[in-house]
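Comments concern the structure below.
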Amino acid sequence: MDLFEDEAPGRNAPEFTVSEVSGAVKRMIEGEFSHIRIRAEIGRVSFPRSGHVYLDLKDDKSVLASVIWKGVASRLPTRPEEGLEVIATGRLTTFPGQSKYQMVIEDMRPAGVGALMAMLEARKKKLEGEGLFDPARKRPLPYLPEIIGVVTSPSGAVIRDILHRLRDRFPRKVLIWPVAVQGEKCAPEVARAIEGFNRLTPGGALPRPDVLIVARGGGSLEDLWGFNEEIVARAAAASDIPLISAVGHETDTTLIDFVSDRRAPTPTAAAEIAVPVRTDLMFALDDFAARLGRGLTRGLDLRGERLRDLSRALPRPERLVEPARQRLDYASERLPAALRRSVDARRLRLSEAGGSLRPATLRRAIQTEADRTTKLAARLTPAQTRLIANRKDAFLARAARLRPEALSAEITRQTADLDRLTQRLADSHKRLSDKRAERLDAAGRLLETLSYRKTLERGYAVVRADSHVVTTKEAAQNAGAIEIEFADGRMKIGGSAKPAKKPKDSGPAQGSLF
């Protein structure tokens with residue numbers, strides 16, 4: 001052994017821990033790429049419950065993992081969607097837990113109008129496929145609403161135009177829900193405004209509007225993009241209050257226009273659609289009143305003429321009552337004589353009836369009835385005595401038939417019958433069970449006779465290759481290893497496995513026996 005040993009190659013290099021290397025890489029990447037802008041297409045997008053957004057930025061060759069923290073995601077003007085081309089601004093960092101680098105996005109916007117139009121068309125197809133554009137689901141607007149709800153900016157010229165137009169046409173009560181009409185706050189505030197108006201109680205302290213107007217002036221596609229967000233379109237589609245969309249000028253089209261119940265080309269036109277012209281209604285009412293008066297007057301004149309024509313065909317009232325008056329005179333002349341004859345007839349019948357009601361006749365009738373009653377009373381007591389005796393004898397006879405001894409004998413007889421039937425049932429069940437056991441034993445013996453195991457005991461065998469039964473010589477030659485089953489077990493040829501144990505009898509096997 002030499003007095004001084006040579007140092008092994010590389011032994012003087014410093015040793016680092018994994019955490020030290022990860023920290024160094026993290027500092028280097030974050031120092032070199034602390035602020036970058038990347039133009040790419042969004043790939044996979046994930047929205048966990050934490051509120052953060054995890055996505056991939058990709059081009060035709062590479063993929064960059066990215067993350068948008070919850071606070072930044074809530075301020076983005078455009079919701080990340082797969083396939084959207086964007087320009088992302090942020091910084092690069094590392095994730096030591098998985099030894100990978102990623103981009104922390106601080107701002108992200110679509111890469112030009114083309115990307116926005118592509119995303120708009122994709123959203124339009126999605127909502128149309130769900131039936132939100134179906135004309136059948138659009139509701140009619142009220143002809144003259146009492147309260148109109150307006151969702152717009154309170155400081156713009158749009159609300160002044162709407163109020164001025166409503167004041168000129170037909171003044172109505174207006175509730176204004178102030179919202180941002182562009183920027184990242186536009187979509188959530190407009191959606192909350194529509195939902196808030198729908199949650200108002202009809203007839204409450206703050207009454208619920210009869211119709212809603214969502215309005216904004218003209219602008220570029222980026223300025224109007226808040227009304228193309230899916231959250232706004234779904235809120236408009238779910239509104240129970242009829243909704244008029246008046247976003248932009250006549251040539252501007254947004255998603256809310258397709259789901260609303262009515263689209264107005266301008267905010268001023270929305271006010272014209274919401275209410276009719278008051279003066280036109282007043283003129284129409286005056287015209288209707290004049291036409292109604294003329295119609296009533298003409299109807300009365302026609303009915304008067306008809307009544308006069310019919311009255312000329314009727315007879316005079318004096319001629320109608322003359323026959324009745326003559327019959328009354330005849331009846332008046334005959335009435336006194338008829339009354340006298342009626343009184344005489346009734347007096348004669350009274351005299352005849354009074355002659356047969358003498359006191360002596362009444363006393364004889366009463367005495368006869370009294371004698372008859374006395375005789376019946378003398379017969380009543382013996383008859384009652386005989387009836388009671390007969391009823392008592394019948395009761396005693398029935399009571400004699402209801403002795404407890406007879407009931408006990410009947411119960412004993414029925415108990416013996418029940419025991420006899422129970423014994424017969426048990427004997428029958430035993431015979432049936434024995435018969436079925438004999439049939440089961442016979443079937444088992446038949447199964448044992450037909451089992452292929454018996455054939456194996458006579459010197460035959462089953463040949464298998466790769467768990468399949470081999471039936472030809474060619475198949476056996478082509479097999480790498482074969483397995484032969486005998487009556488006392490299995491044996492493999494051409495393989496290294498031990499002979500298999502004798503399997504349990506599982507019924508006849510399909511294969512070759514030799």
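The values are calculated or read from the model by the stated rules, or taken from the named source; none is laboratory data. From a predicted model like this one, the values you see are computed outputs, not experimental measurements. All Cβ positions, glycine included, derive from the backbone under ideal geometry; neighbour counts span all protein chains shown. Surface accessibility is based on the protein's heavy atoms, side chains included, excluding ligands, DNA and RNA. Shrake-Rupley method; radii C 1.70, N 1.55, O 1.52, S 1.80 Å.
With N denoting the number of residues in the chain, provide Rg(C-alpha) divided by 2.2 N^0.38 Å, to two decimal places.
Computed over Cα atoms of the chain, the ratio equals 2.40.
Grab the eigenvalues of the alpha-carbon gyration tensor for the range 204-351, scale each by 5, take roots, and send me the semi-axes largest first in whole angstrom.
87, 27, 11
Could you work out the Kirkwood radius for the range 401-450, taking every pair of different alpha carbons, averaging 1/r and inverting it, reported in Å?
After inverting the mean inverse Cα-Cα distance, the result is 14.2 Å.
On a 0 to 90 degree scale, rounded to 10, what angle separates helix 359-401 from the longest Cα axis of the chain?
40 degrees
Cα axis of helix 113-129 to longest principal axis of the chain: angle in degrees, 0 to 90, nearest 10?
In the chain, helix 113-129 runs at an angle near 40 degrees to the longest axis.
Please list the radius of gyration and Dmax for the range 9-161, considering alpha-carbon atoms only, with Å as the unit.
23.6, 95
From the Cα trace of the range 40-97, what convex hull volume per residue do you get, rounded to a whole Å³?
102 Å³
Please report, to two decimal places, log10 I(q)/I(0) for the range 61-143 at q = 0.14, 0.27 Å⁻¹ as given by the Debye formula with identical point scatterers on the Cα atoms and no solvent.
Computed log10 I(q)/I(0) values: -0.67, -1.29.
Hey, which of these cross-link pairs are over 24 Å Cα-Cα: Lys61/Lys100; Lys26/Lys185; Lys70/Lys125; Lys26/Lys70; Lys70/Lys185; Lys61/Lys126?
From the list (Lys61/Lys100; Lys26/Lys185; Lys70/Lys125; Lys26/Lys70; Lys70/Lys185; Lys61/Lys126), the Cα-Cα distance tops 24 Å for Lys26/Lys185; Lys70/Lys125; Lys61/Lys126.
Considering only protein heavy atoms, what per residue accessible area in square angstrom results for the chain with a 1.4 angstrom probe?
In whole numbers, the chain has 71 Å² accessible per residue.
Classify the range 308-460 from the C-alpha gyration tensor, please: rounded if a/c falls under 1.5, else prolate or oblate depending on whether a/b exceeds b/c.
oblate
So how far apart, in nm, are the two label points at Val277 and Leu387 if each is 7 Å from Cα heading toward Cβ?
Taking the two extended label points, one gets 10.5 nm.
Of the DSSP beta bridges with both residues in the chain, give the percent that are antiparallel, rounding to the nearest 5.
65 percent
Of all accessible surface on the chain at a 1.4 Å probe, what whole percent is carbon and sulfur?
Its accessible area is 56 percent carbon and sulfur atoms.
What whole-number volume per residue, in cubic angstrom, does the convex hull of the C-alpha atoms of the range 86-237 give?
181 Å³
In what sequence, largest accessible area first, do Ser50, Ser245 appear using a 1.4 Å probe?
Order by accessible area, largest first: Ser50, Ser245.
Per residue and in cubic angstrom, what volume does the convex hull of the Cα atoms of the range 439-478 have?
Hull volume normalised by residue count: 79 Å³.
Got a number for the accessible area of Asp393? Probe 1.4 Å, square angstrom, nearest 10.
Solvent-accessible area, nearest 10 Å²: 90 Å².
Principal axes first, then extents: for the Cα atoms of the range 179-256, list largest minus smallest coordinate on each axis, whole Å, largest first.
So the extents along the principal axes, rounded to whole Å, are 40, 24, 18.
Ranked from highest to lowest mean number of other Cβ atoms within 10 Å per residue, what is the order of the peptides 439-445, 398-404?
Ranking the peptides 439-445, 398-404 by packing returns 439-445, 398-404.
Quick check: the distance between the Cα centres of the range 303-329 and the range 124-196, to the nearest angstrom?
Spelled out, the Cα-based centre of one part sits 72 Å from the other.
Please compute the modelled spin-label separation between Ser342 and Arg306, points set 7 Å along Cα→Cβ, answer in nm with one decimal.
The two pseudo-label positions are separated by 4.9 nm.
Peptides 171-181, 32-42, 408-418: what's the order by average Cβ count within 10 Å, highest mean first?
Result, highest mean first: 171-181, 32-42, 408-418.
From the Cα gyration tensor of the range 342-396, with a ≥ b ≥ c the square roots of its eigenvalues, which class applies: rounded if a/c is under 1.5, or else prolate if a/b is larger than b/c, or else oblate?
Oblate, because a/c is 1.5 or more while a/b does not exceed b/c.
Using a simple charge model, +1 on the beta-carbon of Lys and Arg, -1 on the beta-carbon of Asp and Glu, nothing else, what dipole does the chain show about its Cα centre, in debye to the nearest 20?
Roughly 6200 debye, rounded to the nearest 20.
Working from Cα positions, state the angle (0 to 90°, nearest 10) between the long axis of helix 278-313 and the longest principal axis of the chain.
Roughly 30 degrees between the two axes.
Provide the three semi-axes, in whole Å and in decreasing order, of the ellipsoid equivalent to the range 274-329 as defined by the square roots of 5 times the Cα gyration tensor eigenvalues.
53, 11, 6
Given the whole protein assembly as supplied and a 1.4 Å probe, what does the accessible area of Lys392 come to in Å², nearest 10?
Per-residue accessible area (Lys392): approximately 130 Å².
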